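Here's the structure, in structure tokens; my notes come after.
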Amino acid sequence: MLEKDAKKILIELIKRESIMGEELAFLIHKSSRSVRTIIKDINEQMNRYNTSIESGTNFGYRIKEHD
């Protein structure tokens, strides 16, 4: 089960194509480090659905489906 902050992150990622970590941190009132930790936890749970949150320097975070 996802915690409240994880749900907020997923909602923001669904609403947008991508979002920078600093903006996510601001939106959920946590540090950038906390965002990384939460995303790691989300990815552990989403692995079974062949989906993950990936990050890049040019686009921030985004949801990616794997084949």
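For the reader, a short list of remarks on this structure follows.
- Between Ile63 and Leu2, the contour length at 0.36 nm per residue exceeds the alpha carbon distance by 20.4 nm.
- Straight-line cross-link partners of Lys64 among the aspartates and glutamates, defined as a Cα under 15 Å from its Cα and at least 8 positions apart when in the same chain: Glu12, Glu17, Glu44, Glu54.
- For Lys30, the aspartates and glutamates whose Cα falls under 13 Å of its own Cα, not counting residues fewer than eight places away in the same chain, are Asp5, Glu22.
- Spin-label pair Glu44/Glu22, simplified geometry with 7 Å Cα→Cβ offset, distance in nm: 2.9 nm
- Cα-centred dipole magnitude for the chain, charges only on beta-carbon of K, R (+1) and D, E (-1), debye, nearest 20: 180 debye
- Gyration tensor (alpha-carbon) shape descriptor, the chain, a/c threshold 1.5: oblate
- Within the accessible area of the chain (1.4 Å probe), percent carbon and sulfur: 48 percent
- Sequence ranges 44-53, 31-40, ranked by mean other-Cβ count within 10 angstrom, highest first: 31-40, 44-53
The values are calculated or read from the model by the stated rules, or taken from the named source; none is laboratory data. Computed from a prediction, not measured in an experiment: that's the story for all the values here. A quick note on method: Cβ atoms are made from the backbone with ideal geometry, for glycine too, and the neighbour counts reach across all protein chains shown. Accessible surface areas use protein heavy atoms only, side chains included; no ligands, DNA or RNA. Shrake-Rupley method; radii C 1.70, N 1.55, O 1.52, S 1.80 Å.
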